Amino acid sequence: RTPVFAGDGAPAGSYGYTNSGYSVYEEENERLTESLRTKVSAIKSLSIEIGTEVKNQNKMLSEMDNDFDSAGGLLGATMGRLRTLSRGSQTKLLCYMMLFALFVFFIIYWIIKLR
C-alpha cells in the first residue's frame, strides 16, 4: 500500500509535520515555552523581593512596637508623678502651673522677637 498524503505532501498520519521532524507547531510551542519561562522567572524574582520587603516591614513593626512600649512606660511614670504632684497642696500646683505658663510665653515671645 502507498501512504495517503495530506495537502502539503506529508503523510496523513503525521498531522501536518514536515519530513524534517520540526514543525511550525513545535517552533510556536518552543517560543511560547520560552516566553512562559521568562514570565515565571520574573514572577519568582518579584515574589522573592516581596518576601524580603515583608521581612523588613515586620522587623520595623516589631521595633516600633518596642518603642511604643517604652514610650508607654515613660508616660505611665510621668502620669504617676503628676498624680503625686496633684495630691500635694493646691498652692504648689498653682505655682508650678503659673511658672510653666510664664516659661512658655517667654519662649514664644523670644521666638517671635528673633524673626
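The values are calculated or read from the model by the stated rules, or taken from the named source; none is laboratory data. Just so you know, these numbers come straight off a predicted model, no measurement behind them. Counting neighbours? That spans all protein chains shown, and the Cβs are built from the backbone with ideal geometry, glycine included. Heavy atoms of the whole protein, side chains included, go into the accessibility calculation; ligands, DNA and RNA do not. Shrake-Rupley method; radii C 1.70, N 1.55, O 1.52, S 1.80 Å.
Odds and ends about this structure:
- Given (1) modelled with pLDDT of 95 or more; (2) in a loop (DSSP other than H, G, I, E, B), number of the condition Y22 does not satisfy: (1)
- Taken together, I50, I112, I108 contain a single residue that is out of contact with any Leu (no Cβ under 9 Å at 6 or more places or on another chain) and open to solvent by 100 Å² or more (accessible area, probe 1.4 Å), which is I112.
- When the stretch 57-105 is filtered for residues that are at pLDDT 90 or above and either of a type in the set (K, R) or in contact with a Leu (Cβ under 8 Å, 6 or more places away or on another chain) (or both), only K59 remains.
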